[in-house]
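The values are calculated or read from the model by the stated rules, or taken from the named source; none is laboratory data. Not measured: the values here are computed from a predicted model. Methodologically, a virtual Cβ is constructed for each residue, glycine included, from the backbone with ideal geometry; neighbour enumeration extends over all protein chains shown.
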Amino acid sequence: MLEWALIFLVIALVAGALGFTGIAKGAASIAKVLFFIFIAIFVILLLLAILGIGAVA
């Protein structure tokens with residue numbers, strides 16, 4: 001998991017260096033999609049924890 005974080009950090013740094021045009025624009029759109037996916041997962045797990053279903057120990 002840490003390897004993926006480092007890979008995406010490098011991609012983010014390259015995208016920032018190039019500005020948000022071309023390839024960097026594609027990387028930014030992928031980052032937006034991933035952001036909303038992880039927000040949705042967070043909300044689902046939070047609701048499961050509040051309801052006591054046991055998805056989170």
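Residues in the range 1-20 that are within 13 Å of residue 31 (Cα to Cα), outside any loop (DSSP other than H, G, I, E, B) and either touching a helix residue (DSSP H, G or I) at 6+ places or on another chain (Cβ under 6 Å) or acidic (Asp, Glu) (or both): 11, 15. Listed by first and then second residue, the pairs linking a residue in the range 8-23 that is modelled with pLDDT under 80 to a residue that is small (Gly, Ala, Ser), with Cβ atoms under 7 Å apart and 6 or more places separating them unless they lie on different chains, are 15/24; 15/27; 15/28; 18/24; 20/28. Among the residues making up the range 6-49, those that are among the small types (Gly, Ala, Ser) and surrounded by 10 or more Cβ atoms within 10 Å (Cβ to Cβ) are 12, 15, 16, 22, 24, 26, 27, 28, 29, 31, 40, 49.
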